[in-house]
Amino acid sequence: MNIMDFNVKKLAADAGTFLSRAVQFTEEKLGQAEKTELDAHLENLLSKAECTKVWTEKIMKQTEVLLQPNPNARIEEFVYEKLDRKAPSRINNPELLGQYMIDAGTEFGPGTAYGNALIKCGETQKRIGTADRELIQTSALNFLTPLRNFIEGDYKTIAKERKLLQNKRLDLDAAKTRLKKAKAAETRASQLNSARLEGDNNMVNFSYMLNFLHVKWLKIWAEEVTKSEQELRITQSEFDRQAEITRLLLEGISSTHAHHLRCLNDFVEAQMTYYAQCYQYMLDLQKQLGSFPSNYCNNNQTSVAPVPSASSNVIGSSALTSTSGLVITSPTNLIDLKECSGSRKARVLYDYDAANSSELSLLADEVITVFSVVGMDSDWLMGERGNQKGRVPITYLELLN
């Protein structure tokens with residue numbers, strides 16, 4: 001029974017507090033009550049925290065889209081994460097493309113140039129798919145997880161304390177309003193009590209009786225002054241304490257930024273590793289395909305030069321005449337050059353960045369001197385530009401007669 005009475009009293013007290021806050025909030029919106037403003041430093045911290053939360057959510061969501069463009073897959077991963085279960089492994093797009101290429105190459109025949117090329121391209125695509133999977137795992141662990149922990153952990157705590165601070169402020173302002181009303185009632189009671197009424201007719205006596213009762217009622221308000229002042233001191237103390245707690249939490253946003261910066265560096269490093277792997281895989285594939293033209297000629301009675309980039313034009317086996325009147329020979333002649341001595345002029349088809357000091361960087365459309373060196377890989381020639389000398393890939397050149 002006592003427990004029930006306690007619960008009822010607590011419920012009534014909570015309802016009274018909620019009603020008092022609602023009245024204070026409404027009067028503030030209507031401009032009928034004063035509002036305690038937070039200090040400028042705390043307001044700036046609150047604004048910084050809100051800004052951090054908004055942009056962290058946007059960056060996190062867009063990073064998820066970047067790493068997993070398929071919305072259905074993202075929803076599935078989200079559901080498994082909420083169920084605290086590991087999502088089933090699925091084949092990604094590069095791996096699927098690679099498998100199709102390998103199957104097609106096997107169907108066409110590994111002994112044919114096209115079939116062999118498809119198999120090699122498929123193997124490279126699967127390696128890219130593996131690198132893509134590693135990028136997703138590394139980014140999720142080192143970048144997305146810390147961002148999500150901030151949104152679902154630290155910021156939720158900040159939001160909770162911020163809401164509590166708002167309630168304490170409403171309590172403080174409500175206490176100030178009650179104290180103001182109590183003091184006004186005390187002043188009015190003093191004025192009515194000091195007033196002297198003259199006359200002895202019934203109307204005067206009746207009026208005096210009403211004033212006497214009014215004074216007694218107003219004195220009840222006057223008795224509230226002491227209570228209101230005590231309540232104000234308590235609410236002011238609670239508000240100051242909650243403001244300090246909120247301030248300490250908000251000042252941790254700077255540490256959050258520093259942590260997110262380290263996570264961003266990890267994300268950039270993961271991307272750098274991924275793109276470097278993809279570049280190396282494609283470079284290796286390009287070198288492998290560079291030896292295909294002669295075989296392709298045997299299979300299909302026509303020769304096609306290897307293409308270093310997807311936007312480049314294919315060079316046929318027959319000789320072409322350039323705008324300067326020079327004759328551009330087929331890549332087959334480049335291979336013939338390796339079998340003879342002497343140097344020749346060659347035009348660079350595409351830009352090329354040297355991978356190390358033994359190679360020579362190239363600019364598209366420049367003309368360099370090339371010659372073969374005994375023992376050099378069949379996909380390379382020695383290039384010379386003035387005092388600069390280094391290995392150059394044969395598929396980036398057009399031999400000039």
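Give the accessible area for Glu269 in Å² (nearest 10); use a 1.4 Å probe, count only protein heavy atoms, and leave out ligands, DNA and RNA.
110 Å²
Determine the relative contact order of segment 344-399: mean sequence separation of Cα pairs under 8 Å and six or more apart, normalised by residue count, in whole percent. Mind showing how you got there, number by number?
Working: 109 pairs, mean separation 21.4, N = 56.
It comes to 38 percent, rounded to a whole number.
Stick to Cα atoms and the Kirkwood definition of Rh, then tell me Rg/Rh for segment 344-399. Can you show the working numbers first?
Values: Rg = 9.9 Å, Rh = 10.9 Å.
Result for segment 344-399 is an Rg/Rh of 0.91.
Kindly report the accessible area of segment 71-163 per residue (heavy atoms of protein chains, probe 1.4 Å, no ligands, DNA or RNA), in Å². Mind showing how you got there, number by number?
Values: 5790 Å² over 93 residues.
Heavy-atom SASA per residue in segment 71-163 reads 62 Å².
I'd like the carbon and sulfur percentage of the solvent accessible area for segment 344-399, probe radius 1.4 Å, heavy atoms only, ligands and nucleic acids excluded. If you can, show how the numbers build up before the last one.
Details: 1320 of 2760 Å².
With neighbouring chains kept in place, the figure for segment 344-399 is 48 percent.
As a test question: what accessible area, to the nearest 10 Å², does Asp284 have when a 1.4 Å probe is rolled over all protein chains in place?
Accessible area of Asp284: about 50 Å².
Provide Asp377, Asp171 ordered by accessible surface of protein heavy atoms (probe 1.4 Å), highest first. Could the numbers behind the result be given before it?
Details: Asp377 80, Asp171 25 Å².
Largest accessible area first, the list is Asp377, Asp171.
Computed over the Cα atoms of segment 107-158, what is the ratio Rg over Rh, Rh following Kirkwood?
Details: Rg = 20.8 Å, Rh = 14.1 Å.
Over the Cα atoms of segment 107-158, Rg/Rh equals 1.48.
Could you give the nm distance between label points at Glu229 and Glu34, where each point is 7 Å from its Cα heading toward the beta carbon?
Calculated label separation equals 1.7 nm.
Which pairs break 28 Å Cα to Cα here: Lys35/Lys227; Lys29/Lys58; Lys86/Lys163; Lys126/Lys287; Lys48/Lys160; Lys58/Lys120? Could you put the intermediate results ahead of the total?
Numbers: Lys35/Lys227 21 Å; Lys29/Lys58 32 Å; Lys86/Lys163 35 Å; Lys126/Lys287 18 Å; Lys48/Lys160 16 Å; Lys58/Lys120 40 Å.
Result: Lys29/Lys58; Lys86/Lys163; Lys58/Lys120 exceed 28 Å.
Over segment 344-399, with the other protein chains present, what is the accessible area per residue in square angstrom, probe 1.4 angstrom?
Here the residues of segment 344-399 average 49 Å² of exposed surface.
The values are calculated or read from the model by the stated rules, or taken from the named source; none is laboratory data. Predicted model, so just to flag it, every value in this text is computed and none were measured. Because the Cβ atoms are built from the backbone with ideal geometry, glycine has one as well, and the counts that use them run over all protein chains shown. Accessible surface is based on the protein model in full, side chains and every heavy atom, while ligands, DNA and RNA are left aside. Shrake-Rupley method; radii C 1.70, N 1.55, O 1.52, S 1.80 Å.
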